[in-house]
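Report on one structure; see the data block that follows.
The values are calculated or read from the model by the stated rules, or taken from the named source; none is laboratory data. In this text the structure is predicted, and so the values were computed from the model without any measurement. When we count neighbours, we look across all protein chains shown, and the Cβ atoms used for this are built from the backbone with ideal geometry, even at glycine. Surface accessibility is based on the protein's heavy atoms, side chains included, excluding ligands, DNA and RNA. Shrake-Rupley method; radii C 1.70, N 1.55, O 1.52, S 1.80 Å.
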Amino acid sequence: MSRSSKKGPFVEERLMSRIEAMNEKNEKRMVRKHVPVFISEQMVGHKLGEFAPTRTFRGHSGDRKTEVKKRT
């Protein structure tokens, strides 16, 4: 869903402060981590964001309980 044109685009404050600090120093470096996405025929017609994981998966909570039982 897009924002109203009178409001302008949303930019996270922390991200904006990093960019402004880099502009003051005339420094260019990567701000966000880029995730490679490999496209197959079934993905055609979708948006790329649907296939890029946005969170780091650390396992299900039930998995830790079974690991503890296996160790003892």
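Charge tally around GLU27: other residues with Cβ under 15 Å, Lys/Arg +1 each, Asp/Glu -1 each, net +2.
Take region 1-54 with all the other protein chains still there, run a 1.4 Å probe, and you get 105 Å² of accessible area per residue.
3J(HN,Hα) along region 49-61, derived from phi through the Karplus expression 6.51 cos²θ - 1.76 cosθ + 1.60 where θ = phi - 60°, amounts to x, 5, 9, 8, x, 9, 10, 8, 7, 10, x, 7, 5 Hz, with x in place of Gly and Pro. Net charge in the neighbourhood of ARG55 (other residues with Cβ under 15 Å of its Cβ; Lys, Arg +1, Asp, Glu -1) is +2. Applying the Karplus relation 6.51 cos²θ - 1.76 cosθ + 1.60 with θ = phi - 60° to region 14-20 yields 3J(HN,Hα) values of 5, 5, 5, 5, 5, 5, 5 Hz, where x marks Gly and Pro.
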